[in-house]
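For reference, the structure discussed in these notes is given below.
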Amino acid sequence: MMNDLKIIHKLNDWGKIILGGTSIVLLFFAFYCAEKSDQSKKTEAIISEVTIPIQGMTCGSCEHHIETEVKRKEGIVEINADHEKASAYVKYDSSKISLDELVAAINETGYKATKP
């Protein structure tokens with residue numbers, strides 16, 4: 001009878017080890033699948049470049065104001081406003097922000113931007 005109990009305890013211990021190991025494998029698999037799923041949902045960046053005409057800039061502060069405000073928008077990679085050329089060169093991710101939204105963002109700064 002004592003030998004039977006010892007065997008049952010040993011089997012019970014092995015069962016805990018196996019169950020614990022299986023749990024770890026299942027958790028790893030769940031996180032792995034979730035990560036793969038998140039990667040498939042990510043939209044691939046579509047980088048576009050445009051020069052947008054802007055009216056009303058008169059100095060470097062105007063350029064800085066436009067650049068600072070527009071950079072806050074998601075999808076802006078680079079923006080360089082130039083008051084002498086009355087335009088801004090913008091590199092942006094068109095999967096995150098459209099040209100219309102970009103022009104609207106510049107207009108929100110108080111200057112008059114138009115689509116090229």
Problem set entry | In nm, spacing of pseudo-spin labels at Asn107 and Ser95 (7 Å Cα→C-beta vector) | 2.8
Exercise. Can you list residues whose amide H is under 5 Å from Val77's amide H, if they're 5+ apart or on another chain and H is modeled 1.01 Å from N?
Worked result: Lys91, Tyr92, Asp93
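Every number here is computed from the coordinates shown, using simple stated rules; none is lab data. Values in this document were obtained by computation on a predicted structure and should not be read as measured data. Cβ sites come from the backbone with ideal geometry, for glycine too, and all protein chains shown count toward neighbours.
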